[in-house]
Amino acid sequence: MKFKHYILLVALTMGFVTKSFSQHKTYAITNGIGIFGGLTKFDIQTDNFVTKQGDGFLGGLSATVDIPHRWYNMSYGMQLSENYIHILGRTNQDLVNSEETFIEYKLFAAQLALLGHIKLAGNYFTIDAGPMVQYNGKLELKDKSQESYFINDFANVSATDIANISKVNFNGVVGATAGIKNFKLKAQYIYGFTNILKKLNTQEGLESENESFKGNQSMLVFGAMFCF
(Lines give C-alpha, C1' and ligand atoms only; values in the text may rest on other atoms or scores of the structure.)
Protein backbone atom coordinates (compact mmCIF):
# COMPACT_ATOMS: atom_id res chain seq x y z
CA MET A 1 0.00 0.00 0.00
CA LYS A 2 2.87 2.32 0.86
CA PHE A 3 4.45 1.49 -2.55
CA LYS A 4 1.34 2.72 -4.34
CA HIS A 5 1.54 5.98 -2.39
CA TYR A 6 5.13 6.48 -3.56
CA ILE A 7 4.14 5.92 -7.20
CA LEU A 8 1.34 8.48 -6.87
CA LEU A 9 3.70 10.98 -5.22
CA VAL A 10 6.28 10.58 -8.00
CA ALA A 11 3.63 11.00 -10.68
CA LEU A 12 2.29 14.20 -9.11
CA THR A 13 5.78 15.60 -8.60
CA MET A 14 6.72 14.96 -12.24
CA GLY A 15 3.53 16.65 -13.29
CA PHE A 16 4.63 19.86 -11.57
CA VAL A 17 8.33 19.90 -12.35
CA THR A 18 8.58 18.36 -15.84
CA LYS A 19 9.59 21.02 -18.39
CA SER A 20 8.83 21.08 -22.06
CA PHE A 21 11.87 21.42 -24.29
CA SER A 22 9.97 22.00 -27.53
CA GLN A 23 11.19 25.16 -29.22
CA HIS A 24 8.57 27.87 -29.85
CA LYS A 25 8.68 29.15 -33.41
CA THR A 26 8.01 32.75 -34.31
CA TYR A 27 6.51 33.84 -37.60
CA ALA A 28 6.70 37.24 -39.26
CA ILE A 29 3.19 38.46 -40.07
CA THR A 30 3.54 40.92 -42.94
CA ASN A 31 1.17 43.79 -43.64
CA GLY A 32 0.93 45.28 -47.10
CA ILE A 33 -0.93 47.78 -49.24
CA GLY A 34 -2.41 47.04 -52.65
CA ILE A 35 -3.50 49.49 -55.34
CA PHE A 36 -5.75 47.97 -57.97
CA GLY A 37 -7.88 48.83 -60.96
CA GLY A 38 -9.98 46.91 -63.41
CA LEU A 39 -12.94 46.54 -65.70
CA THR A 40 -16.45 45.57 -64.62
CA LYS A 41 -19.48 43.91 -66.17
CA PHE A 42 -22.64 44.85 -64.29
CA ASP A 43 -26.20 43.57 -64.41
CA ILE A 44 -29.32 43.32 -62.26
CA GLN A 45 -30.98 39.92 -62.17
CA THR A 46 -34.71 40.63 -62.11
CA ASP A 47 -38.03 39.49 -63.56
CA ASN A 48 -39.36 43.06 -63.64
CA PHE A 49 -37.18 44.35 -66.49
CA VAL A 50 -35.34 43.03 -69.52
CA THR A 51 -31.71 43.94 -68.86
CA LYS A 52 -28.42 43.69 -70.71
CA GLN A 53 -25.02 43.61 -69.06
CA GLY A 54 -22.96 46.78 -69.35
CA ASP A 55 -19.23 47.56 -69.09
CA GLY A 56 -17.61 49.80 -66.48
CA PHE A 57 -14.44 50.32 -64.47
CA LEU A 58 -13.21 50.54 -60.87
CA GLY A 59 -10.23 51.38 -58.71
CA GLY A 60 -9.36 50.97 -55.07
CA LEU A 61 -7.03 50.21 -52.18
CA SER A 62 -6.65 47.14 -49.99
CA ALA A 63 -4.72 46.35 -46.82
CA THR A 64 -3.38 42.80 -46.74
CA VAL A 65 -2.26 40.62 -43.84
CA ASP A 66 0.11 37.82 -44.87
CA ILE A 67 0.05 35.01 -42.27
CA PRO A 68 2.86 32.55 -43.22
CA HIS A 69 1.92 29.68 -40.86
CA ARG A 70 -1.75 29.63 -41.87
CA TRP A 71 -3.52 28.24 -44.92
CA TYR A 72 -5.15 31.61 -45.53
CA ASN A 73 -4.44 35.35 -45.61
CA MET A 74 -6.82 38.24 -44.91
CA SER A 75 -7.43 41.59 -46.53
CA TYR A 76 -9.86 44.47 -46.29
CA GLY A 77 -10.32 47.20 -48.81
CA MET A 78 -12.43 49.82 -50.53
CA GLN A 79 -13.18 50.23 -54.21
CA LEU A 80 -15.04 52.85 -56.23
CA SER A 81 -16.74 51.87 -59.46
CA GLU A 82 -18.71 53.33 -62.35
CA ASN A 83 -20.96 50.69 -63.85
CA TYR A 84 -23.37 50.59 -66.76
CA ILE A 85 -26.55 48.61 -67.39
CA HIS A 86 -29.06 48.55 -70.27
CA ILE A 87 -32.81 48.20 -69.59
CA LEU A 88 -35.24 47.58 -72.41
CA GLY A 89 -37.62 50.47 -73.05
CA ARG A 90 -39.59 52.15 -75.80
CA THR A 91 -39.53 55.58 -77.38
CA ASN A 92 -43.04 56.66 -76.32
CA GLN A 93 -45.96 55.65 -74.10
CA ASP A 94 -47.76 53.65 -76.78
CA LEU A 95 -47.37 49.97 -75.91
CA VAL A 96 -48.21 48.81 -79.44
CA ASN A 97 -46.82 51.33 -81.91
CA SER A 98 -43.61 52.26 -80.16
CA GLU A 99 -40.06 51.33 -81.11
CA GLU A 100 -38.22 49.17 -78.57
CA THR A 101 -34.72 50.23 -77.55
CA PHE A 102 -32.32 49.73 -74.67
CA ILE A 103 -32.00 52.61 -72.22
CA GLU A 104 -28.48 52.93 -70.81
CA TYR A 105 -27.95 53.78 -67.14
CA LYS A 106 -24.81 54.32 -65.11
CA LEU A 107 -24.38 53.54 -61.42
CA PHE A 108 -21.66 54.84 -59.09
CA ALA A 109 -20.84 52.59 -56.12
CA ALA A 110 -18.46 52.46 -53.16
CA GLN A 111 -17.78 48.99 -51.80
CA LEU A 112 -16.06 47.83 -48.60
CA ALA A 113 -14.98 44.19 -48.40
CA LEU A 114 -13.37 41.84 -45.87
CA LEU A 115 -11.87 38.88 -47.71
CA GLY A 116 -10.18 35.63 -46.81
CA HIS A 117 -7.63 34.25 -49.27
CA ILE A 118 -7.18 30.46 -49.35
CA LYS A 119 -3.62 29.59 -50.38
CA LEU A 120 -3.67 26.95 -53.12
CA ALA A 121 -0.08 27.67 -54.20
CA GLY A 122 1.30 29.82 -51.43
CA ASN A 123 0.81 33.50 -52.17
CA TYR A 124 1.11 32.86 -55.90
CA PHE A 125 -2.48 31.64 -56.31
CA THR A 126 -5.38 32.09 -53.90
CA ILE A 127 -9.14 31.63 -53.86
CA ASP A 128 -10.82 34.70 -52.37
CA ALA A 129 -14.18 34.99 -50.62
CA GLY A 130 -15.94 37.23 -48.12
CA PRO A 131 -18.71 39.75 -47.38
CA MET A 132 -19.07 43.23 -48.84
CA VAL A 133 -21.15 46.29 -47.98
CA GLN A 134 -22.05 48.70 -50.78
CA TYR A 135 -23.29 52.26 -50.96
CA ASN A 136 -24.45 53.32 -54.41
CA GLY A 137 -26.15 56.27 -56.02
CA LYS A 138 -29.22 56.39 -58.23
CA LEU A 139 -29.50 54.92 -61.70
CA GLU A 140 -28.50 57.84 -63.92
CA LEU A 141 -29.32 58.08 -67.60
CA LYS A 142 -26.19 58.15 -69.71
CA ASP A 143 -28.07 59.87 -72.53
CA LYS A 144 -30.35 62.65 -71.29
CA SER A 145 -32.34 62.47 -74.53
CA GLN A 146 -33.83 59.19 -73.25
CA GLU A 147 -35.59 60.89 -70.33
CA SER A 148 -38.88 60.82 -72.27
CA TYR A 149 -38.63 57.07 -72.92
CA PHE A 150 -40.73 54.46 -71.10
CA ILE A 151 -39.79 51.10 -69.59
CA ASN A 152 -40.96 48.21 -71.72
CA ASP A 153 -44.02 46.19 -70.54
CA PHE A 154 -45.15 49.05 -68.25
CA ALA A 155 -47.86 51.46 -69.32
CA ASN A 156 -46.84 54.52 -67.30
CA VAL A 157 -43.32 53.91 -65.98
CA SER A 158 -40.85 56.35 -67.51
CA ALA A 159 -37.09 55.91 -67.78
CA THR A 160 -36.53 58.27 -64.83
CA ASP A 161 -39.16 56.64 -62.58
CA ILE A 162 -36.90 53.68 -61.73
CA ALA A 163 -33.82 55.76 -60.88
CA ASN A 164 -34.27 55.80 -57.10
CA ILE A 165 -33.05 52.32 -56.20
CA SER A 166 -31.89 51.13 -52.76
CA LYS A 167 -28.60 52.79 -51.82
CA VAL A 168 -27.25 50.41 -49.16
CA ASN A 169 -26.74 46.80 -50.20
CA PHE A 170 -24.91 43.73 -48.93
CA ASN A 171 -22.98 41.49 -51.28
CA GLY A 172 -20.95 38.31 -51.34
CA VAL A 173 -17.61 38.07 -53.17
CA VAL A 174 -15.83 35.05 -54.61
CA GLY A 175 -12.81 35.15 -56.88
CA ALA A 176 -9.19 34.26 -57.51
CA THR A 177 -5.84 36.05 -57.39
CA ALA A 178 -2.66 34.97 -59.19
CA GLY A 179 0.75 36.57 -59.49
CA ILE A 180 4.09 37.33 -57.90
CA LYS A 181 4.90 39.34 -54.78
CA ASN A 182 4.40 42.86 -56.19
CA PHE A 183 2.01 42.27 -59.09
CA LYS A 184 -1.15 40.19 -59.21
CA LEU A 185 -4.11 39.60 -61.52
CA LYS A 186 -7.59 39.41 -59.97
CA ALA A 187 -10.98 38.10 -61.02
CA GLN A 188 -14.09 38.48 -58.84
CA TYR A 189 -17.78 37.72 -58.97
CA ILE A 190 -19.91 39.97 -56.75
CA TYR A 191 -23.52 38.99 -56.05
CA GLY A 192 -26.03 41.17 -54.23
CA PHE A 193 -27.82 39.33 -51.42
CA THR A 194 -30.21 42.24 -50.82
CA ASN A 195 -32.94 43.54 -53.11
CA ILE A 196 -31.41 46.52 -54.93
CA LEU A 197 -34.84 47.44 -56.35
CA LYS A 198 -36.61 47.34 -52.98
CA LYS A 199 -36.97 51.12 -52.68
CA LEU A 200 -39.07 51.21 -55.86
CA ASN A 201 -41.83 49.35 -54.00
CA THR A 202 -42.46 52.40 -51.81
CA GLN A 203 -42.35 54.90 -54.66
CA GLU A 204 -45.73 56.37 -55.44
CA GLY A 205 -46.98 55.88 -58.98
CA LEU A 206 -45.06 52.72 -59.84
CA GLU A 207 -47.06 49.67 -60.77
CA SER A 208 -45.74 46.21 -61.56
CA GLU A 209 -47.52 43.17 -62.97
CA ASN A 210 -45.44 41.10 -60.54
CA GLU A 211 -46.80 43.21 -57.62
CA SER A 212 -43.32 44.03 -56.32
CA PHE A 213 -39.92 44.99 -57.63
CA LYS A 214 -37.09 42.61 -56.86
CA GLY A 215 -33.57 42.43 -58.23
CA ASN A 216 -30.11 41.28 -57.23
CA GLN A 217 -27.01 42.88 -58.64
CA SER A 218 -24.40 40.82 -60.45
CA MET A 219 -20.91 42.17 -61.11
CA LEU A 220 -17.82 40.66 -62.71
CA VAL A 221 -14.45 42.30 -62.06
CA PHE A 222 -11.22 41.72 -64.01
CA GLY A 223 -8.22 43.69 -62.84
CA ALA A 224 -4.62 44.00 -61.72
CA MET A 225 -3.07 44.95 -58.39
CA PHE A 226 0.30 46.39 -57.42
CA CYS A 227 1.40 45.42 -53.90
CA PHE A 228 3.81 47.24 -51.57
Below 8 Å, C-alpha to C-alpha, sequence gap of six or more: please give me the relative contact order for segment 131-228 in percent.
27 percent
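Would you calculate a helix-derived [θ] at 222 nm for the chain, using -39,500 (n - 2.57) for each DSSP H run of n ≥ 4 and dividing by the full residue count, to the nearest 500? Mind dumping the intermediate values first?
Numbers: 1 runs with 16 residues, N = 228.
That calculation yields -2500 deg cm²/dmol at 222 nm.
Based on the Cβ-Cβ distance from L120 to T30, what FRET efficiency comes out when R0 is 25 Å, to the nearest 0.05?
Values: r = 19 Å, r/R0 = 0.76.
Efficiency, from the Cβ-Cβ distance: 0.85.
Which FRET efficiency value, to the nearest 0.05, do you get for I180 and T202 by plugging their Cβ-Cβ distance into 1/(1 + (r/R0)^6) with R0 = 45 Å?
On the way: r = 50 Å, r/R0 = 1.11.
It comes out at approximately 0.35.
Below 14 angstrom from the Cβ of V96, what's the summed charge of the other residues (Lys, Arg +1; Asp, Glu -1)?
For residues surrounding V96, the net value is -3.
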Calculate, in nm to one decimal, what E100 and T194 gain on full extension: separation in residues at 0.36 nm each, minus their alpha carbon distance.
30.9 nm
Between the modelled labels at K167 and M74 (7 Å from Cα along Cα→Cβ) the distance in nm is 3.1 nm
By the scheme Lys and Arg +1, Asp and Glu -1, what is the net charge of all other residues having a beta-carbon under 11 Å from that of Y84?
-1
Grab the other residues whose beta carbon is less than 10 angstrom from that of G215, score K and R as +1, D and E as -1, and report the net.
0
Which Rg and Dmax, in Å, describe the Cα atoms of the chain?
27.4, 108
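Can you tell me how much longer the chain between F108 and F222 gets when fully stretched, taken as 0.36 nm per residue apart minus their C-alpha distance, in nm with one decimal? Intermediate values should be presented prior to the final figure.
On the way: separation 114, 0.36 × 114 = 41.04 nm, distance 1.75 nm.
So the chain would gain 39.3 nm between F108 and F222.
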Helix 2-17 sits at what angle to the longest principal axis of the chain, using alpha carbons and giving 0 to 90 degrees rounded to 10?
50 degrees
How are the alpha carbon pair distances in segment 114-228 distributed across 10 Å bins from zero to the largest one, expressed in percent?
12, 32, 25, 17, 12, 2
How about segment 120-228: which GluC sites (Glu not before Pro) there are in a DSSP loop, with at most 14 other Cβ atoms within 10 Å of their Cβ?
E204, E207, E209, E211
For segment 56-72, in order, what is each residue's ³J(HN,Hα) by Karplus, 6.51 cos²θ - 1.76 cosθ + 1.60 with θ = phi - 60°, in whole Hz (x at glycine and Pro)?
x, 8, 8, x, x, 10, 9, 10, 10, 10, 8, 10, x, 8, 10, 8, 8
Going 7 Å from the Cα of E140 in the Cα-to-Cβ direction, what parts of segment 165-209 have a backbone nitrogen less than 16 Å from that spot?
165, 167
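Quick check: convex hull over the Cα atoms of segment 37-126, volume per residue in Å³, rounded to an integer? It would help to have the intermediate numbers written out before the result.
Working: hull volume 11.1 nm³, N = 90.
Looking at segment 37-126, the number lands at 123 Å³ per residue.
Suppose every Lys and Arg Cβ carries +1 and every Asp and Glu Cβ carries -1, with no other charges. What dipole size does the chain come out with about its Cα centre, to the nearest 20 debye? It would help to have the intermediate numbers written out before the result.
Values: 20 positive and 19 negative charges, 473 e Å.
Rounded to the nearest 20 debye, it is 2260 debye.
Ignoring ligands, DNA and RNA, please state the percent of accessible area on the chain from carbon and sulfur, probe 1.4 Å. The partial results should precede the final answer.
Values: 8470 of 13680 Å².
With neighbouring chains kept in place, the figure for the chain is 62 percent.
The values are calculated or read from the model by the stated rules, or taken from the named source; none is laboratory data. Just so it is clear, the structure is predicted and the values come from calculations on it, not from any experiment. Neighbour counts run over all protein chains shown; Cβ positions are idealised from the backbone, glycine included. For the accessible areas, the whole protein counts, side chains as well, though only heavy atoms, and no ligand, DNA or RNA atoms are used. Shrake-Rupley method; radii C 1.70, N 1.55, O 1.52, S 1.80 Å.
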